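The values are calculated or read from the model by the stated rules, or taken from the named source; none is laboratory data. If you're wondering where the values come from, they're calculated on a predicted model, not measured in any experiment. Neighbour counts run over all protein chains shown; Cβ positions are idealised from the backbone, glycine included. The accessibility values were calculated without ligands, DNA or RNA, using every heavy atom of the protein model including side chains. Shrake-Rupley method; radii C 1.70, N 1.55, O 1.52, S 1.80 Å.
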Amino acid sequence: MKSAQPTLAQLAGLLGAELRLAPGASEAQVPSGLNTLQDADVGEVSFLASANYRRFLKNTRACAVLVTSESAEDCPVSALIVSNPYHAFARATAIYQTAPQYAPGIAPSAEVHPDAEVHESVHIGPGVVIEADVKVAEDAVIGANSFVGAGSEIGARSRLFPSVTVYHGCYIGADCTVHSNTVIGADGFGFAPHDNKWIKIHQLGGVEIADEVEIGACSCIDRGALGNTVIGRGVKIDNMVQIAHNVQVGDYSAMAACSAVAGSATIGKHCTIAGGVGIVGHVSVADFSHVTARTLVTKSIEESGSYSSGTPFSDSRSWRRNAVRFGQLDQMSRKLRELERKLEHKLHTKGSGSDDI
């Protein structure tokens with residue numbers, strides 16, 4: 001059963017906010033939910049976290065807005081004053097979240113091996129398969145049609161949404177979330193060429209995922225060839241991300257959709273990897289690095305900072321001309337170096353009457 005929603009005063013207490021009531025407002029009002037400044041209806045709470053949205057503040061219909069003390073004076077409704085409105089908004093989403101809550105129990109159609117250790121508080125949905133020697137800790141949720149392979153472990157309060165596949169010998173820590181159709185522990189892409197054929201390198205490692213990790217839908221984290229592929233504490237991985245065998249991702253890094261990391265690469269702590277980034281194998285990325293969208297990382301990043309590659313879009317006619325010029329860069333560079341050499345020669349032989357350039 002969903003718990004009762006808090007009053008404005010209770011919400012302020014939960015978020016550590018100072019409540020400044022608008023004329024006629026009541027701290028006993030029970031907000032109905034969250035919304036943006038421009039779309040909030042009467043009874044909803046909103047937030048102002050960016051100056052780009054300040055123009056919507058004066059006309060908002062929200063009953064209260066999460067704002068900084070600097071913005072509170074311009075707030076026409078009740079203000080929930082905090083130092084970081086976006087952080088407070090994130091915490092508020094947990095209060096108003098609408099994801100179903102599941103009671104403990106095992107669905108009749110689930111198949112749980114008798115050698116598996118499943119805590120009595122766990123929810124296991126219809127069609128789930130739990131193989132031998134699996135351990136599922138307290139208050140975990142295994143969504144419908146998910147699979148957990150032999151010898152794997154699912155930590156306390158972690159949730160696998162429907163149709164998640166966890167291969168054998170993988171570890172998922174506590175308070176993790178894995179969204180639908182993600183595959184954890186598939187074989188890494190390892191093949192040895194021999195006699196014009198590919199010989200499979202069987203992947204003998206596993207996957208180790210620390211606490212508080214969230215993994216989006218349709219992502220793949222491959223098992224290690226020998227040691228484990230390791231995802232650090234608090235890492236956030238978006239949809240459709242590929243992480244190859246023996247990759248190491250440091251604590252609290254984040255990776256946006258469609259990024260891919262090749263085998264044995266190491267990403268440091270507190271890094272952000274934007275959408276569509278490619279990172280080649282056997283390189284490392286320093287802690288606190290930011291790699292912008294569509295960048296290809298071809299060598300190690302040894303100092304923290306922001307890194308980019310690729311070319312921005314333009315109209316097609318200009319892009320085609322620039323693409324031709326790109327193909328001519330080497331030839332142009334060689335001509336420029338030759339001209340520089342001739343100029344240096346002329347300067348050293350001034351007065352000789354040479355007119356080479």
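Side notes on the structure shown:
- Test: residue in segment 103-124 that is open to solvent by less than 30 Å² (accessible area, probe 1.4 Å) and closer than 26 Å to residue 228 by Cα: yes
- Of the residues making up segment 39-49, those that are touching a residue at least 12 places away in the same chain (Cβ under 8 Å) and under 27 Å from the mean Cα position of the chain (by Cα) number 5.
- Identity of the residue in segment 177-189, open to solvent by 10 Å² or more (accessible area, probe 1.4 Å) and in contact (Cβ under 8 Å) with a residue 60 or more places away in the chain, that ends up nearest to residue 152 (Cα to Cα): 179
- Qualifying positions in segment 246-257 - closer than 15 Å to residue 297 by Cα and either among the acidic types (Asp, Glu) or surrounded by fewer than 18 Cβ atoms within 10 Å (Cβ to Cβ) (or both): none
- Qualifying residue in segment 259-271 (condition: out of contact with any Ser or Thr (no Cβ under 7 Å at 6 or more places or on another chain) and polar (S, T, N, Q)): yes
- Segment 10-47, residues that are part of a helix (DSSP H, G or I), under 17 Å from residue 86 (Cα atoms) and open to solvent by 70 Å² or more (accessible area, probe 1.4 Å): 14
- The residues on offer are 99, 174, and the sole one that is open to solvent by less than 40 Å² (accessible area, probe 1.4 Å), assigned to a loop (DSSP other than H, G, I, E, B) and either among the charged types (D, E, K, R) or at pLDDT below 95 (or both) is 99.
- Boolean, residue 33 is touching a strand residue (DSSP E or B) at 6+ places or on another chain (Cβ under 7 Å), touching a residue at least 40 places away in the same chain (Cβ under 8 Å) and on the phi > 0 side of the Ramachandran plot: yes
- Boolean, residue 202 is of a type outside the set (A, V, I, L, M, F, W, C), part of a loop (DSSP other than H, G, I, E, B) and buried (at least 21 other Cβ atoms within 10 Å of the Cβ): no
- Condition met for residue 5 (free of Cβ contacts under 8 Å to residues at least 60 places away in the same chain and open to solvent by 40 Å² or more (accessible area, probe 1.4 Å)): no
- Restricting the first member to segment 280-293 and to residues that are closer than 18 Å to residue 258 by Cα and open to solvent by less than 20 Å² (accessible area, probe 1.4 Å), and the second to residues that are aromatic (Phe, Trp, Tyr) and in a strand (DSSP E or B), the beta-carbon pairs closer than 6 Å and six or more apart or on different chains are 291/307.
- Residue in segment 133-144 that is part of a strand (DSSP E or B), open to solvent by 70 Å² or more (accessible area, probe 1.4 Å) and closer than 19 Å to residue 106 by Cα present: yes
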